[in-house]
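Structure first, commentary second.
Bear in mind that the values in this text are calculations on the coordinates, not laboratory data. All values derive from a computational prediction rather than experimental measurement. Note that each Cβ is placed from the backbone with ideal geometry, even for glycine, and that neighbours are counted across all protein chains shown.
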Amino acid sequence: MKILINMKIFKLVIIALVMVSCGSDDGPGYQEPYDPSDDDPVVETLTDEEIMDLTQETTFKYFWDYAESNSGAAKERYHPNDPTNSQNVVTTGGSGFGLMAILVGIERGYITRAEGVSRLSQMLNFFEGADRFHGAWSHWIDGGTGGIIPFSDQDNGGDLVETAFLAQGLICVKEYFKDGSTEEAELAAQADLLWKGVEWDWYTQGQNALFWHWSPSNNFAINLELKGYNETLIAFVLGAASPDYSIPVEAYHQGWADNGNIVSSASQYNTPLILDHAGTGTGPLFWAHYSYLGLDPRNLSDQYANYWDLNVNHTNINYLYCVDNPNSYVDYGEDCWGLTASYTRNSDGSVGYTAHDPENDTGVISPTAAISSIPYTPEKSLAAMHYFYSKNEILLGNAGFYDAFSPQYNDWVTERYLAIDQGPEIIMIENYRSQLLWNLFMQNEDVQNGLDALGFTY
């Protein structure tokens, strides 16, 4: 693999002070003392194209260089200072993002098409042999065996939302390779069969609803219904799109949309929410990312919302909150913003995890929040990317920008990565630049049938 990173080097020229005069007069040879304010140092910066190139190329390494060794799939996390941490834990949803990232890698020339096909075949073979629960994969999978790693005591079975994120990537793989060589067409067919094996209707419990989890030992004990607005829209689209295991349309309207009660008249910072964000105000920014890595929101509407306006407004509220900075956190502002789920700094200085948003702000910025929002707020997101790069000595690691940092706490940085945060960065930058993943996903006939069934225009 060829990784070409153009890293600009900052230069500061210190001008020597020369005094030739032997008196206090300003005669021949006299030079005024150097005043730094008169000659500010020139700092070379990256262009917008260069910062996007840098971010995509370094972030790609998470899914290529640091993938789980046996499966080729995405690890749940990668800690450069502790690389054995969770080294065999494969994330289902993050691997869906990884499938899409590899397509970007092929398009951008980070890897060859043949290298991409080889890795994707390895990943699909792994998921084909991994434990499934009425077609759905678990949240975490053992990369060595394909067996389930329980996410919690009762979560030891299928995770429909993680499965939806994986299926989103499988559909993009199918569309990318379906007209290719014999080997590529076989890969496309395998991807198609894998996502079509998900029994979406099983996860309705015979109701007009979708439920997140099913366990062979605990059944539907967790009983967590998918209700909007959050990150789960993609599960309803794919559930409606499934040719063999489709969900009833009423599961979307009565479940997800709560019989229309999902519509909100509330505003924040004079910006309409449009939909009720699961009762939390605005919610973390990953809600504007995960379902829309393949699902194109630009012209997406149903009877409840225009989803482009929804996501633009969500992002702008998050941005305006950071600019307003009601907690007076250091550096929050027009180029330092972005609150979403990520690692965080606990009050005692240790590393934790939380879903940051305006209602849960710990003074921690997650680079993925602003970066992955680039289709919605390009100028604001690029300004943030340049700010992050200005701190590259502490914030830019070997697989992209680290997951979280805080200027408030003396530039505290967690030198860690999460698949579900790195993936949206490379994918959404690509959607902004070329619409690659949006175009692939939206051209799929099953997806179109699902959107039509739910009453979407697109």
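Figures for the structure shown
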| quantity | calculated |
| --- | --- |
| Ordering of 436-443, 397-404 by packing [mean C-beta count within 10 Å, highest first] | 397-404, 436-443 |
| Mean separation of Cα contacts under 8 Å, 6 or more apart, over the residue count of the stretch 81-220: relative contact order % | 26 percent |
| For the chain: lysine pairs under 14 Å (alpha-carbon distance), excluding those fewer than 8 apart on one chain | 4 |
| Net +/- balance of residues flanking LEU436 in space, Cβ distance below 10 Å, scoring K and R +1, D and E -1 | 0 |
| Relative contact order computed over the chain (Cα-Cα under 8 Å; 6+ residues apart), in percent | 16 percent |
| Dipole-positive endmost among PRO326, LEU300, PHE127 within the chain (Cβ charges, Cα centre) | PHE127 |
| Förster-model FRET efficiency, 30 Å R0, ASN325 and VAL249, C-beta, rounded to 0.05 | 0.10 |
| Fewest-first sequence of GLU115, GLU430 by Cβ atoms within 10 Å of each Cβ | GLU115, GLU430 |
| Inter-site label distance for SER69 and ASN219 at 7 Å from Cα along Cβ, in nm | 4.3 nm |
| Per-residue Cβ neighbour rank within 10 angstrom, fewest leading, HIS356, HIS134 | HIS134, HIS356 |
| Identified option (computed Rg and Dmax of the Cα atoms in Å; candidates (i) 40.9, 138; (ii) 24.2, 97; (iii) 24.1, 84) | (ii) |
| Summed side-chain charge close to LYS227 - residues other than LYS227 whose Cβ falls under 11 Å, Lys, Arg +1, Asp, Glu -1 | -3 |
| DSSP H segments from the chain that extend 20 Å or more along their own axis, Cα-based, with Kyte-Doolittle mean of -0.5 or above | 92-108, 113-129, 160-177, 182-196, 307-324, 419-433 |
| The stretch 323-455, relative contact order [Cα under 8 Å, separation at least 6], % | 22 percent |
| Net dipole in debye of the stretch 36-454 [+1 Lys, Arg Cβ; -1 Asp, Glu Cβ; about Cα centre; nearest 20] | 680 debye |
| Local electrostatic count, GLU162, Cβ distance below 14 Å [Lys/Arg +1, Asp/Glu -1] | -4 |
